[in-house]
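What follows is one structure encoded as structure tokens, with my remarks underneath.
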Amino acid sequence: MSRNPDLASTGNEELDHVLRGGLPRNAMYLLQGVPGSGKTTLALQFLLEAARQGERTLYVTLSETRDEINRVARSHGWSLDPLGILELSAMRQLAEPTARQTLFHSAEVELHEVTSPILAEIDRLQASAVVIDSLSEIRLLSGELLRFRRQILALKQFFAERRCTVLLLDDRTGEASGAGLLESLAHGVITLEKESPRYGRTRRRLSIDKLRGVPFREGYHDVRIETGGVRVFPRLVAGEHTGRVVLEPLRSGVAGVDELLGGGPDRGTSTLFLGPSGVGKSSLTMQYCVAAAERGERAALFLFDEGLDTALARAASLGMPLKPHLDAGLIAVRVVNPAELTAGEFSHAVREAVTVGEARVVVIDSLNGFTDSVPDEQFLTLHLRELLTYLNSQGVATLTVLTQHGLMPDAARTTVDVSYLADNVVVLRYFEAQGRLRQAISVFKKRSGRHERTIREFTMSDHGLVVGAPLTEFAGVLSGMPSQVGTRGPP
């Protein structure tokens, strides 16, 4: 895809997507965030991409040495040879030799003695892409806000005359003096945030606070720093992905299940399987994946609550040929650790399963595990709504699992109520009869068509899943302790 020559790439495809193509050229941008949020890494990505495009670049480091910058680059497998690097952190000669002052403690050193080497190097290299890391040192040398403002204005004018695209890096440690001033002078502002939860890995996110003349994608976007640079996971906006979907039933391969659902859940809809632990929800969704693979379709299974080996053993015990389809690439299984994966990253993984992996059936097992990725219940609902709406628009049949608390009558309680988001709701229950613990299945809801309103017995064996005839001989099955009102059922 050809790039807009008026836009400078950040070197990060996902961030360019958030920016609607990249940063408008010949302007000054503020990249701010707390230490460790990824500012330096993102700035290096920006310059390396500019160098790949044949531009002359300059990285000005005021707070770190050249060796420290090279160490960061090596950790990502980068070489900084294509970049111009100006190290000013050791410019002690700017102060009076007898005073033995350094750049960081010399409040009386004229600012032009610090900035003039920067300007001279830009002119010498004729650089069109520049990074200054960071403004904290210039702020300290300025001594007062008015002087700092004049200096930034002078730099902005200099860059504009030379048609440079510039990133100014700034630390947001506490209430930095002049923070609002910088945001008002910059053409755009990118903010990186970092949060360390009580358990799990550090979580990072990014927001575009300002970008003049560009309808950028607002809100927070999850960020991960990994080998190779900063990776951005753009917030999923379902409204940007629309399409016409032909509703057709998704067959499970189990006759009784298909009859209950009026042929099956339609493609382009979401189905919630609700019930207590061990009642058969995961096995039923796995059956849909196997049936899809046997038709030559691809399916993606996201497991929050069990490992791959456990899933394979469970499938084998039920006579489901999961492993052959897994080896053939028709079923993709990903084990998700919610302590290591944010909701934004998970949505991105699901999108890739659909767009790259061509999955036509997606299973999320379970929403209880997904909840751990989004501690705030309100945001869980919003994330899930966007994800399900997106999948529906792509004609994907989405199957989700929600485990209820308890095993018997209290099973109606769940950690979060998302049943109203699903197009179809299938409820599985335990019930006691004739001295045995048995299972029942029923369909409570199907938005896109008719469904059977009976309650049937559901059994699992090494021969697979079986749905029997309606339980007409019992009343109160859903309570868990039914009474027998007809002829005696099968033993």
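The values are calculated or read from the model by the stated rules, or taken from the named source; none is laboratory data. Because the structure is a prediction, the values reported are computed rather than measured. Ideal geometry is used to build each Cβ from the backbone, glycine not excepted, and the neighbour counts take in all protein chains shown. The area values use the complete protein model at the heavy-atom level, side chains included, leaving out ligands, DNA and RNA. Shrake-Rupley method; radii C 1.70, N 1.55, O 1.52, S 1.80 Å.
Remarks
- Shown for the chain: lysine pairs separated by 8 or more places, or found on different chains, whose C-alpha atoms are under 28 Å apart, numbering 8.
- Counting only protein heavy atoms and a 1.4 Å probe, the chain has 45 square angstrom of accessible area per residue.
- Ranked order, Glu87, Glu161 - accessible area, probe 1.4 Å, largest first: Glu161, Glu87
- Measuring between their Cα centroids, the range 186-236 and the range 9-79 lie 14 Å from each other.
- On the principal axes of its alpha-carbon atoms, the chain has extents of 105, 42, 37 Å, going from largest to smallest.
- Percent carbon-and-sulfur accessible area, the range 14-53, ignoring ligands, DNA and RNA, probe 1.4 Å: 47
- Residue order for Ser461, Ser317 - accessible surface, 1.4 angstrom probe, largest first: Ser317, Ser461
- Ligands, DNA and RNA left out, the 1.4 Å accessible surface of the range 172-254 is 45% carbon and sulfur atoms.
- Convex hull (Cα only) mean projected area of the range 279-394, reported in nm² to one decimal: 7.1
- DSSP-assigned coil residues among trypsin sites (Lys or Arg not before Pro) in the range 210-290, each with at most 13 further Cβ atoms within 10 Å: Arg212, Arg244
- Diffusion coefficient, µm² s⁻¹, Stokes-Einstein with Kirkwood Rh over alpha-carbon pairs of the range 188-235 at 4 °C and 1.567 mPa s: 109
- Accessible-area value, His17, 1.4 Å probe, nucleic acids and ligands omitted, Å²: 70
- In the assembled protein chains, Arg74 presents an accessible area of approximately 150 Å² (probe radius 1.4 Å).
- Based on C-alpha pairs under 8 angstrom that are at least 6 apart in sequence, the chain has a relative contact order of 14 percent.
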